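Quick notes on the structure that follows.
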Amino acid sequence: MAATRYRRFLKLCEEWPLDHTKKGRDLGAFIRQRVAQCFREGESSQIADPEKCDRMYESLARINSGYYKNKYPRLRNTSFTGVTVEECRMVLATDNMKQMEEMKKGMWKKIREMFTGKPEDATKEYV
């Protein structure tokens with residue numbers, strides 16, 4: 001039975017899209033890591049709680065298939081701010097998030113990093 005579960009999760013991982021703009025924060029990559037952890041021995045892995053495993057699979061399969069998107073259709077493809085889906089993806093991309101973090105830094109922190117060559121977190125070790 002574990003072999004069947006393993007194959008189902010592998011198929012789900014193949015179907016689940018990866019978002020390369022969200023490095024380190026992508027749900028598809030996280031799911032792949034968790035499947036690799038839970039099924040370390042492949043088809044011969046032992047599952048502690050088969051019912052919980054089946055429920056997890058069914059939940060992820062519903063999300064991947066668009067079940068809730070179809071069950072609860074949106075009237076418009078924008079948020080309350082009027083931002084489109086594509087604009088949201090662009091803003092939430094990892095590169096843009098890093099730029100926003102850099103902009104949030106205060107002038108003092110930027111000057112300190114410029115002269116020390118280290119982020120503030122690294123200098124805390126010596127204080």
### Task
Could you list, in sequence order, all residues of the stretch 45-80 that are without any contact (Cβ under 8 Å) to a residue 24 or more places away in the chain and of a type in the set (Val, Ile, Thr)?
63, 78
### Task
Given the conditions (1) over 24 Å from residue 3 (Cβ atoms); (2) under 17 Å from the mean Cα position of the chain (by Cα); (3) surrounded by 12 or more Cβ atoms within 10 Å (Cβ to Cβ), report the number of the one that residue 60 does not fulfil.
(1)
### Message
Given the condition hydroxyl-bearing (Ser, Thr, Tyr) and free of Cβ contacts under 8 Å to residues at least 24 places away in the same chain, answer yes or no: does some residue in the stretch 91-99 qualify?
### Response
no
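For (1) in contact with a Cys (Cβ under 8 Å, 6 or more places away or on another chain); (2) closer than 30 Å to residue 2 by Cα, each residue gets a yes or a no:
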position	(1), (2)
66	no, yes
75	no, no
79	yes, no
105	no, no
### Task
Please determine, by comparing only the residues of the stretch 1-39 that are among the hydroxyl-bearing types (Ser, Thr, Tyr) and within 18 Å of residue 59 (Cβ to Cβ), which one is surrounded by the most Cβ atoms within 10 Å (Cβ to Cβ).
6
### Query
Somewhere in the stretch 44-56, is a residue within 24 Å of the chain's Cα centre (by Cα), assigned to a helix (DSSP H, G or I), over 23 Å from residue 28 (Cα atoms) and not hydroxyl-bearing (Ser, Thr, Tyr)?
no
### Task
List every residue pair whose Cβ atoms lie under 7 Å apart, where the two residues are 6 or more positions apart in sequence or sit on different chains, the first residue falls within the stretch 21-38 and is part of a loop (DSSP other than H, G, I, E, B), and the second residue, located anywhere, is among the hydroxyl-bearing types (Ser, Thr, Tyr).
21/94; 22/94; 23/94; 24/94; 25/94
### Query
When only residues in the stretch 95-115 that are within 29 Å of residue 26 (Cβ to Cβ) and of a type in the set (A, V, I, L, M, F, W, C) count, which is most open to solvent (accessible area, probe 1.4 Å)?
103
### Message
Considering only the stretch 66-81, I want to know if a residue exists there that is under 17 Å from the mean Cα position of the chain (by Cα) and either open to solvent by less than 100 Å² (accessible area, probe 1.4 Å) or among the aliphatic types (A, V, I, L, M) (or both).
### Response
no
### Summary
Counted residues in the stretch 70-95 being of a type outside the set (Val, Ile, Thr), over 16 Å from residue 20 (Cα atoms) and part of a loop (DSSP other than H, G, I, E, B) come to 9
### Message
Looking only at the stretch 3-20, count every residue that is part of a helix (DSSP H, G or I) and free of Cβ contacts under 8 Å to residues at least 12 places away in the same chain and tell me the total.
### Response
3
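Residue-wise test of (1) at pLDDT below 90; (2) of a type outside the set (Val, Ile, Thr).
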position: 45; (1), (2): yes, yes
position: 53; (1), (2): no, yes
position: 57; (1), (2): no, yes
position: 61; (1), (2): no, yes
position: 64; (1), (2): no, yes
position: 68; (1), (2): no, yes
position: 77; (1), (2): yes, yes
position: 81; (1), (2): yes, no
position: 99; (1), (2): yes, yes
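The values are calculated or read from the model by the stated rules, or taken from the named source; none is laboratory data. Just so it is clear, the model here is predicted, and its values are computed rather than measured. FYI the Cβ positions are ideal-geometry reconstructions off the backbone, even for glycines, and counts take in every protein chain you see. The area values use the complete protein model at the heavy-atom level, side chains included, leaving out ligands, DNA and RNA. Shrake-Rupley method; radii C 1.70, N 1.55, O 1.52, S 1.80 Å.
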